[in-house]
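Structure record follows, encoded as structure tokens.
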Amino acid sequence: MKTRSSGSRRASAQARPRIVSSELVQSRLDEIRDAVARRAYDLFERRGRQDGHHEEDWWQAEADLLFPLAVSVADAGPCLAIEAAVPGFDACDVEVCVEPRRVTITGQCRAGDAADRKWMYRAVELPDEVATCDAVAAIEGGVVAVTLRKVAASDVRSVD
């Protein structure tokens, strides 16, 4: 697959989103919340600072800034296969965080000017515990694919 080339971005045979820590995901969530809050305030200002529409402004700001991210999780024997359609997002725009029972996909599409940028965020609870260090993520044809190795029940340690 080839990704769009822009600036220092390079086309590659298989583009890989970054696997990131939960701390970075929290930072991204803070950025998203701040961007939505700024947009909601802009809507409030455009209405002449008329009170009583804060929820409507917030929902509209989310609709303006957040890309709806549909995610599927499939059981592939010893692995879980996660796919998410992310048209318009390059591999360098996408971050994946893997926790034992959750995968979080975040990103910001940087195409166009700041007003046209879209954020995405989706946390998916997993049906099985997975090995966080074995995650493999790739993006091809506008689809992020993440493969996670399940942790065998005998490998799970209980904490008493």
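The values are calculated or read from the model by the stated rules, or taken from the named source; none is laboratory data. Bear in mind that the values here come from a model prediction, so they are computed numbers and not experimental data. Counting neighbours? That spans all protein chains shown, and the Cβs are built from the backbone with ideal geometry, glycine included.
Descriptive notes on the structure:
- The strands (runs of 3 or more DSSP E) found wholly in the range 63-138 and carrying at least 2 residues that are of a type in the set (Val, Ile, Thr) occupy 71-76, 94-99, 102-109.
- Those residues of the range 78-91 which are within 12 Å of the chain's Cα centre (by Cα) and surrounded by fewer than 20 Cβ atoms within 10 Å (Cβ to Cβ), in sequence order: Glu83, Ala85
- Against the numbered list (1) more than 20 Å from Thr104 (Cα to Cα); (2) charged (D, E, K, R); (3) exposed (fewer than 14 other Cβ atoms within 10 Å of the Cβ), Asp75 comes up short only at (1).
- Looking only at the range 40-78, residues that are in contact with an Asp or Glu (Cβ under 9 Å, 6 or more places away or on another chain) and not aliphatic (A, V, I, L, M) come to 7 in all.
Residues are listed down the side, and each one gets a yes or a no for (1) within 17 Å of Phe89 (Cα to Cα); (2) modelled with pLDDT under 90; (3) of a type in the set (Gly, Ala, Ser):
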{"site": "Ser5", "(1), (2), (3)": "yes, yes, yes"}
{"site": "Arg9", "(1), (2), (3)": "yes, yes, no"}
{"site": "Ala15", "(1), (2), (3)": "yes, yes, yes"}
{"site": "Ser21", "(1), (2), (3)": "no, no, yes"}
{"site": "Asp34", "(1), (2), (3)": "no, no, no"}
{"site": "Ala40", "(1), (2), (3)": "no, no, yes"}
{"site": "Arg49", "(1), (2), (3)": "no, yes, no"}
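- Inspection of the range 82-98 identifies no residue that is at pLDDT 90 or above, farther than 18 Å from Arg16 by Cβ and in contact with a Leu (Cβ under 6 Å, 6 or more places away or on another chain).
- Residue list for the range 111-132, filter: at pLDDT below 90 and surrounded by fewer than 17 Cβ atoms within 10 Å (Cβ to Cβ): Ala111, Gly112, Asp113, Ala114, Ala115, Asp116, Arg117
- Condition met for Glu83 (in contact (Cβ under 8 Å) with a residue 24 or more places away in the chain, of a type in the set (D, E, K, R) and farther than 20 Å from Arg28 by Cβ): yes
- Among residues of the range 19-61 being touching a helix residue (DSSP H, G or I) at 6+ places or on another chain (Cβ under 8 Å) and of a type in the set (A, V, I, L, M), the one that is surrounded by the fewest Cβ atoms within 10 Å (Cβ to Cβ) is Ala37.
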